[in-house]
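What follows is a short report on a single structure.
FYI, it's all coordinate maths here, none of it is from the lab. Computed from a prediction, not measured in an experiment: that's the story for all the values here. All Cβ positions, glycine included, derive from the backbone under ideal geometry; neighbour counts span all protein chains shown.
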Amino acid sequence: MNFTVPEMSCGHCTSSIEKAIKAADPAATVDCDIAERRVSVQSSLPLADLTSAIKEAGYASEQIAG
């Protein structure tokens, strides 16, 4: 799943998001692209849980295609 995270702007942001997702699913693969403000996640968690994890890290997100 891919998400746009408009407020993600630095390494601290990406670290917080990755930590929150991996706390919910330790087996998740998380790739953050600061320039595109995009987070790609491979996880068995449903969309709602991933969105919630990103929100708990302090960031709004929206699922995007591709």
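One residue stands out in region 4-34 among those that are surrounded by fewer than 18 Cβ atoms within 10 Å (Cβ to Cβ) and among the charged types (D, E, K, R): the one that is nearest to Gly58 (Cα to Cα), namely Glu7. In region 54-66, the residues that are touching a residue at least 60 places away in the same chain (Cβ under 8 Å) and surrounded by 11 or more Cβ atoms within 10 Å (Cβ to Cβ) form Cβ pairs under 9 Å with partners that are of a type in the set (D, E, K, R) and outside any loop (DSSP other than H, G, I, E, B), at six or more places apart or across chains, as follows: Ile64/Arg38. The set of residues in region 1-36 that are touching a helix residue (DSSP H, G or I) at 6+ places or on another chain (Cβ under 9 Å) and assigned to a loop (DSSP other than H, G, I, E, B) comprises Met1, Val5, Glu7, Met8, Asp25, Ala28, Ile34. Scanning region 1-35 for residues that are in contact (Cβ under 8 Å) with a residue 12 or more places away in the chain and either within 15 Å of Ala65 (Cα to Cα) or basic (Lys, Arg) (or both) yields Met1, Asn2, Phe3, Thr4, Val5, Lys19. Filter region 35-46 for residues that are over 11 Å from the mean Cα position of the chain (by Cα) and of a type in the set (A, V, I, L, M, F, W, C); which is surrounded by the most Cβ atoms within 10 Å (Cβ to Cβ)? The qualifying residue surrounded by the most Cβ atoms within 10 Å (Cβ to Cβ) is Leu45.
With the requirement that a residue be small (Gly, Ala, Ser) and within 20 Å of Glu7 (Cβ to Cβ), what does region 34-47 give you?
Narrowing region 34-47 to residues small (Gly, Ala, Ser): 35, 40, 43-44.
Residues satisfying the conditions are Ala35, Ser40.
The residues of region 37-47 include none that are part of a helix (DSSP H, G or I) and either farther than 16 Å from Ala65 by Cα or in contact with a helix residue (DSSP H, G or I) (Cβ under 7 Å, 6 or more places away or on another chain) (or both).
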